[in-house]
1. Starting at the first residue of region 117-123, write each ³J(HN,Hα) from the Karplus equation 6.51 cos²θ - 1.76 cosθ + 1.60 with θ = phi - 60°, in whole Hz, x for Gly and Pro.
2. Taking the number of other C-beta atoms within 10 Å as the exposure measure, put 140, 59 in order starting with the fewest.
3. What does the charge count near residue 109 come to, summing +1 for each Lys or Arg and -1 for each Asp or Glu among other residues with Cβ under 11 Å from its Cβ?
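Read-outs: derived from the displayed coordinates by stated rules, not from any lab. Just so you know, these numbers come straight off a predicted model, no measurement behind them. Neighbour counts run over all protein chains shown; Cβ positions are idealised from the backbone, glycine included.
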Amino acid sequence: MASHPTRKASPPGAFKIVIIRGMEGRRWKAISVWWAALGILIAGSYLFGRETEEQLLRRIETEQSPVRKAKDEIKLANLKLAQVHEAYAQGQTEAGTKLLDTFVDEMKTAWKFLRDSGRKASKQPEGFRELDISLRENVRALQDLGRTVSYFDRSPIANAEQELEKTRSEVLHALFPEGASRNRKGPPPPQTTTTPASSPDVR
């Protein structure tokens, strides 16, 4: 039996660009460069040890610490948010909407792990603090995304923003219960001044 010739793998980061005359050639050249850059970014994420969705899910299932569970849920949510951006960038609004729901659910799950842990956030802020920062940054990311999307496709993004803001309000209340209670009291009632009754005119 004849053996198949061995194919040599291309060295990392190497790519070929076929230059074709005219507008069509320049378009394909730009696409080739874009895909090469994307490949470098993906390879870089593995080199820096970025965890995959499957790894995070497996660890969340076996992890016993609610704080570490919550932190992994935040990482998982951030992966979903990246997928949301990719879907909308490719014009896949329906897929983006579904991913948005999953992303919001992951953030709420992180909050549930911390809320049900029995820890007092004001005295043991680990996990709560990271969740607050992530919620704030993700709201900004959604606001930036909304500016790039058609007006008619912004409603799911706006709803996701509102859900994150609501969750963040609950997290802040857990972190700063006294400050939150003061904010709820509102301004003091206006003071009323009494003036002495005027004496009747003597005629």
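1. 6, x, 6, 8, 4, 5, 10
2. Working: 140 11, 59 15.
Starting with the residue having the fewest Cβ neighbours, the order is 140, 59.
3. Details: positive: 69, 108, 112, 115; negative: 72, 73, 105, 106, 116.
Charge balance near residue 109 sits at -1.
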